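The values are calculated or read from the model by the stated rules, or taken from the named source; none is laboratory data. If you're wondering where the values come from, they're calculated on a predicted model, not measured in any experiment. Please note: Cβ atoms are built from the backbone with ideal geometry, for glycine as well, and neighbour counts cover all protein chains shown.
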Amino acid sequence: MAAPSPQIVTLCLFVNLICSIMIVLLNKRIYVVYGFPNMTLTCIHFLLTTAGLFICQKLNVFQPKRLPLRDMLPLAASFCGYVVTTNLSLQHNTVGTYQLIKAMTTPCIIFIQTQFYNRNFSLYIKLSLIPITVGVFLNSYYDMKYSHFGIFYATVGVLVTSLYQVWVGEKQHELQVNSMQLLFYQAPLSTLMLLVLVPFFEPFLNFHVFHSWNWPAALTIILSGIVAFLVNLTIYWIIGNTSPVTYNMVGHLKFCLILLGAYQFFNESLHLLQLLGIGITVSGIIFYTHVKMNEQKMKSPLPTRSNRVNRNL
């Protein structure tokens, strides 16, 4: 499979960035205005992702490939574990503590890929994590509180999220499938698993949103599901065609933009220390991008004389 062009990669990163910010804003409205539960919304998102992929398959956008269930179950289960631990972490931690510990996902991914998948990362790539971690710490400084349960759930969440993202990339290469083919099997499996888990964490009868159901709420949830479909698809594509570490860099940039957006559009406070943190985080992302581009140029084979002759023909 030919490597995608830098233009295509940039476009997918941009689409993921915009859609991710959109879904944060939509979800915030759904949680605050309509009081809709988090895990149930995630389940609906994956249900609509499954429906979207089924429509794409019927339109011949991609051809499904039969995949072994034993290979798909760990991927689907790790996603469900990511959803559950994220919710538990947010319940027992402040947002600042949650974001700070979540920043450890990138080093964890590097460790897993180095130790278990024989991936190599240059010293410069590892050094780029220092300003990013420092920047996230400064962004979260005013909202950090610790508890034993909170740290436990957040740490387990980092491990499960790291495994999930690594497997998304590894399974695409191992099974020789593209992002749509893999997500076509994972989405319905994860939906079924979440349907089993949701009643234990979010009892259905307590949802006041269902007692006062209205069309604006339904339309907002459907719109968030459509955006979630684009987010899920681009996540799989980015990880499969670049790496989980690159996807995490996009995640750090999203966090910075969301902080700035909350300050600009929702009048939320933004301290000088947080502005400094955003600047340091962005500088780390720029440094990582510069290093990756240089590494890609070094990996690209130089054109031989015969190639130049053929190209001129």
Return the only residue of Leu159, Leu195, Leu175, Leu205 being at pLDDT 95 or above, hydrophobic (A, V, I, L, M, F, W, C) and surrounded by fewer than 21 Cβ atoms within 10 Å (Cβ to Cβ).
Leu159
For segment 19-42, does any single residue satisfy the condition of being surrounded by 14 or more Cβ atoms within 10 Å (Cβ to Cβ), closer than 16 Å to Leu183 by Cα and modelled with pLDDT under 95?
yes
Across (1) buried (at least 19 other Cβ atoms within 10 Å of the Cβ); (2) modelled with pLDDT of 90 or more; (3) not aliphatic (A, V, I, L, M), Lys102 clears everything bar (2)
Do we have any residue at all in segment 72-84 that's small (Gly, Ala, Ser), at pLDDT below 85 and in contact with a helix residue (DSSP H, G or I) (Cβ under 6 Å, 6 or more places away or on another chain)?
no
List pairs: first residue in segment 243-255 and at pLDDT 90 or above, second residue charged (D, E, K, R) anywhere in the structure, Cβ distance under 8 angstrom, at least six positions apart or on different chains.
Thr246/Lys292
Of all residues being hydrophobic (A, V, I, L, M, F, W, C) and under 11 Å from Thr97 (Cβ atoms) in segment 138-175, which is nearest to the chain's Cα centre (by Cα)? Just the residue, please.
Ala154
In segment 77-92, how many residues are crowded, with 18+ Cβ neighbours inside 10 Å, closer than 12 Å to Asn38 by Cβ and not polar (S, T, N, Q)?
3
Screening Phe14, Phe54 for residues that are at pLDDT 90 or above and either surrounded by fewer than 13 Cβ atoms within 10 Å (Cβ to Cβ) or in contact with a His (Cβ under 9 Å, 6 or more places away or on another chain) (or both) leaves only Phe14
